[in-house]
Amino acid sequence: MTQEITVRLGHRSYSIVVGGGVLSTVGERLRALGVGSRAVLVSDGSVLHLHGDAVTQSLRAAGFSLTQVVVPEGERAKSITVAQRGWDELLAAGIDRTSTVVALGGGAVGDLAGFVAATYMRGLNFVQLPTTILAQVDASIGGKTAIDHPRAKNLIGAFHQPRLVLVDPDVVVTLSDREFRSGLAEVVKHGIVADEAYFVDVERHAGALLARDLPTLERVIAGSCRIKASIVERDEQETELRAMLNYGHTVGHALEASTAYGRFAHGEAVSIGIAAAARLAHRLGLASLDTVLRQERLLEALGLPVRLADVDQAAVLAAIGRDKKARDGTVPFVLAPRIGEFRLVFDVPPDALRGVLAELTHAEIAS
Ligand SMILES: NC(=O)c1ccc[n+]([C@@H]2O[C@H](COP(=O)([O-])OP(=O)(O)OC[C@H]3O[C@@H](n4cnc5c(N)ncnc54)[C@H](O)[C@@H]3O)[C@@H](O)[C@H]2O)c1
Ligand SMILES: [Zn+2]
């Protein structure tokens with residue numbers, strides 16, 4: 001059954017449609033938005049090969065003339081060189097402000113395509129067709145677009161909301177195990193900071209989720225989309241509320257940066273970051289040990305790491321100090337006093353943080 005979630009942002013409101021096979025309805029749905037007849041499909045070679053046909057056929061059947069921009073896989077898509085090539089190809093294809101950029105792929109394709117759509121002629125229609133768990137529950141919703149600077153990820157970007165997001169849970173069955181599990185870290189994050197009932201549902205059905213049972217996947221993905229949508233509509237430009245989505249990401253990003261993005265998948269780093277935030281909340285007297293262990297147990301049940309081994313703690317601490325979210329020299333931590341609640345804490349003592357990193361390196365998993 002197809003579910004429709006509205007992101008309410010006044011005249012920029014849009015729908016997230018979640019359902020098996022929904023990718024093959026993109027043409028008619030785009031038509032219904034009343035956009036011009038030219039569309040640009042941005043994707044990478046692997047995703048195009050696996051899932052491109054349903055999309056191109058649907059767009060052509062609905063009368064769109066189609067230009068394809070094929071970008072490198074993964075983070076390499078998010079460069080000024082690839083964006084430049086995108087602008088060049090749009091210009092060559094006669095794309096104008098009534099045209100639509102359609103992103104088919106993971107978060108990297110979505111971020112690059114969104115950035116091109118935001119900047120070309122000061123903004124084109126943009127549609128997201130996310131194909132990884134991370135992109136479906138997180139990156140495709142909310143309008144953050146970006147490319148990387150050689151010295152910092154996501155440094156150059158713009159807010160540009162999509163006109164439509166189509167989430168097809170069927171396509172995630174082709175993800176590698178590692179990519180699949182990594183995306184589930186964001187699902188767990190949503191439950192912890194925003195919705196206890198959702199967290200409990202994921203706890204109860206962790207096995208089915210890992211086994212990629214389609215009805216479970218669809219329900220859990222739709223639930224996560226709903227949580228992200230409700231946060232975005234209350235705090236589009238990330239003043240405070242949207243910051244809750246950084247749960248687990250302060251330590252997570254630092255782990256990724258201090259290992260040159262080569263060792264951890266994003267969700268693996270976030271998973272360890274969640275364990276760190278959970279333990280920090282306990283250390284500061286904000287959360288019970290049970291709250292900590294519930295988070296770690298669920299992450300582990302989903303095949304995600306919650307311990308640190310062979311990591312240079314000094315490098316991780318230094319990377320936390322360089323966090324992009326630092327304000328006036330202090331890095332705010334998102335902490336969860338209990339499942340379903342969050343709090344921003346600005347004055348985390350450095351010793352508490354050091355203690356937590358040491359604990360994660362040495363602790364046996366309690367059960
Ligand atoms: N804009 C936002 O709000 C936001 C939020 C979170 C993350 N991001 C960004 O998202 C990016 C990470 O995205 P990601 O985790 O989706 O990874 P990704 O986009 O880098 O894709 C990873 C790999 O998965 C492959 N792939 C994609 N879909 C597939 C499928 N269905 N089957 C098989 N293979 C498939 C791709 O070809 C690629 O090789 C980062 O650049 C991050 O900065 C953006
Ligand atoms: Zn993340």
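Taken together, the values in this text are just the output of simple stated rules run on the coordinates, not laboratory data. Since the structure is predicted, the reported quantities are computational estimates derived from the model, not experimental observations. Every residue, glycine among them, receives a Cβ derived from its backbone with ideal geometry; neighbour counts consider all protein chains shown.
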Give me, ordered by chain and number, the residues 5 or more places off LYS144 or on other chains with an amide H under 5 Å from its own placed amide H. HIS160
Sparse-neighbourhood loop hits (GluC sites (Glu not before Pro), segment 69-107; DSSP loop; Cβ within 10 Å at most 16 others) -> GLU73
Working out 0.36 nm times the residue gap between GLU28 and THR361, then minus their Cα-Cα distance, what length gain in nm do you get to one decimal? 114.6 nm
How much of the DSSP bridge set in the chain is antiparallel, in percent, rounded to the nearest 5? 35
Taking amide H atoms as placed 1.01 Å from N in the peptide plane, list the residues 5 or more away in sequence, or in a different chain, whose amide H sits under 5 Å from that of GLN68. LEU41
GNM of the chain, Cα pairs under 10 angstrom: of GLY262, GLY86, GLY19, the biggest fluctuation goes to GLY262
Relative to the longest principal axis of the C-alpha atoms of the chain, give the angle of the C-alpha long axis of helix 107-119, reported between 0 and 90° and rounded to the nearest 10°. 60
Using only Cα positions of segment 3-173, each an equal point scatterer, no hydration layer, compute I(q)/I(0) via Debye at q = 0.11, 0.13, 0.17 Å⁻¹ and quote the log10 values to two decimals. -0.37, -0.53, -0.97
Over 22 Å [Cα-Cα, segment 119-254], rounded percent: 40
Whole-Hz ³J(HN,Hα) from phi, Karplus 6.51 cos²θ - 1.76 cosθ + 1.60, for segment 135-140, glycine and proline x: 5, 5, 9, 9, 5, 7
Of the residues ILE227, ILE95, ILE156, which exhibits the maximal mean-square fluctuation in a Gaussian network model of the chain defined by a 10 Å Cα contact cut-off? ILE156
Give the order of GLU179, GLU218 when sorted by the count of other beta carbons within 10 angstrom, beginning with the fewest. GLU179, GLU218
Cα gyration tensor, segment 177-362 - rounded (a/c under 1.5), prolate or oblate: prolate
Equivalent ellipsoid dimensions for segment 86-179 as semi-axes, Å, which come from the Cα gyration tensor, largest first: 23, 16, 12
Let's see if you can work this out: charge +1 on each Lys and Arg Cβ, -1 on each Asp and Glu Cβ, no other charges. What is the dipole magnitude of segment 3-173 about its Cα centre, in debye to the nearest 20? 560
Across segment 226-231, in residue order, what do the Karplus-derived ³J(HN,Hα) couplings come to in whole Hz, using 6.51 cos²θ - 1.76 cosθ + 1.60 with θ = phi - 60° and x for Gly and Pro? 5, 5, 4, 4, 5, 6
Ranked THR119, THR239, THR6, criterion: other C-beta atoms within 10 Å, fewest first: THR239, THR6, THR119
I'd like the Karplus ³J(HN,Hα) series for segment 306-318: coefficients 6.51, -1.76, 1.60, θ = phi - 60°, whole numbers in Hz, and an x wherever there's a Gly or Pro. 10, 10, 9, 9, 6, 10, 6, 4, 5, 5, 5, 4, 5
Extension gain (nm, one decimal) between LYS325 and ARG354, 0.36 nm per residue minus Cα-Cα: 8.5 nm
Cleavage-rule hits, GluC sites (Glu not before Pro), segment 232-320, DSSP coil, Cβ neighbours within 10 Å at most 15: GLU240
If each DSSP helix of 4+ residues adds -39,500 (n - 2.57) and the sum is divided by the residues in the chain, what number results at 222 nm, nearest 500 deg cm²/dmol? -14500 deg cm²/dmol
D (µm²/s, integer) via Stokes-Einstein for the chain, Kirkwood Rh across alpha-carbon pairs, 25 °C, 0.890 mPa s: value 118
Qualifying trypsin sites (Lys or Arg not before Pro) for segment 77-164 [loop in DSSP, other Cβ within 10 Å: at most 16]: ARG97, ARG151
Placed amide H near VAL127: partners under 5 Å, 5+ positions off or other chain: VAL101, VAL102, ALA103, ARG163
Please pull out the direction-averaged projected area of segment 270-367, using the convex hull of its alpha-carbon atoms, in nm² to one decimal place. 6.2
